[in-house]
Amino acid sequence: MTTPPGWYPDPGQMPQLPPQERWWDGNSWTGHTRPGAGAVPQPGRGGAGTGRGQLIAGIVGSVVLAAALAVGGVLLLGGGSDDKNSDDKKPKAAPSSSATPDESAPPEDEKTPSPDTSPGDVVPEPELGVGLKVPEGWEQANPDSGFLSHKTAYVCPGQNTNCVRGGAQLLPVSSGWEGKKALKEATELQVAKNAKESYSKKAYGGITSHKVVKSGAVTVAGQPGYRIRWRVENKLEPDAYVEAAVFRSPHLEDEILTLWSSADIAPKSPPPSDLDELRKSVVKTGLGEGGEGNEGDDGNQESV
């Protein structure tokens, strides 16, 4: 017959300590104890026997208790360590207004560490032969990417993911666009694509409406171009400004490039003027190499 659950003399009791009882759950000893309340038969032994049987019961009980406490220590201490390690390995930013997933996303307006770039430094896109100067309050999010992000990070409204208050990146556009009209048409496609990717439905609930707030011809890196800026309304706040500036490659006559940029409309976000600064800071570099000078956007012209 199995001994029923209850309080019994602690099998691991040290002789020099006051008597105590330990809880038997019907199958094994638990970690619960209380001061001794008198002699009671040990569970599973059928009486208050002495000698070898009592010694074995005491040893077994002590081993079971020690094992239980050891497992508890691994769960509490080891578990906490694993959580910390997994958080350390998680990415902190991504090349759009919504960044890569992070279950321990930073609180609103937490500043992330800056890489080895300073305001005014040129972040090149070697394959395109152009680069972007870093504005004040921005940084190169990843040393292996030409993407620039505003330093202010927050939790995306639609998912437990890191977002940043602004982003910018130079990208190639398919060739075959000729003439001023073609530049405008290409820009219309690029600004829509930028809005969709930078303010995704998953992170912001979807764009409910947009309106053109600025558009017109511009000069970028010394080359003719066209820019369009939208103000978008998201289902989940914040709303945002999204811009695309499409321009001729300073190296290859038949190719055009685009600058995507965006900024939240929210406290501590970059001002819309940062999008103008980014566009005007695009510089020509050598193909396959970085650059230091600014050879473009003198006499920048635009129509609103």
Using θ = phi - 60° and the Karplus curve 6.51 cos²θ - 1.76 cosθ + 1.60, what whole-Hz ³J(HN,Hα) does each residue of the stretch 180-188 get, with Gly and Pro shown as x?
4, 4, 5, 4, 5, 4, 5, 5, 4
The stretch 191-296: mean projected area of Cα convex hull, nm²
7.5 nm²
Sequence-distant or interchain residues sharing an amide H contact under 5 Å with VAL218, placed H: which?
GLY225, TYR226, ARG227
In sequence order, what are the phi-derived ³J(HN,Hα) couplings for the stretch 117-134 according to the Karplus relation 6.51 cos²θ - 1.76 cosθ + 1.60 with θ = phi - 60°, rounded to whole Hz, with x for glycine and proline?
10, 10, x, x, 5, 9, 9, x, 10, x, 6, 9, x, 9, x, 10, 7, 7
Read phi for every residue in the stretch 238-245 and hand back ³J(HN,Hα) as whole Hz from Karplus 6.51 cos²θ - 1.76 cosθ + 1.60, θ = phi - 60°, with x for Gly and Pro.
x, 7, 7, 9, 10, 10, 10, 10
Using the structure shown, list the pairs from LYS196/LYS280; LYS181/LYS284; LYS180/LYS280; LYS201/LYS284; LYS202/LYS284 with a Cα-Cα distance above 30 Å, or answer none.
LYS201/LYS284; LYS202/LYS284
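Coordinate-derived values only; no laboratory data. Everything numeric in this text was worked out from a predicted model, so none of it was measured.
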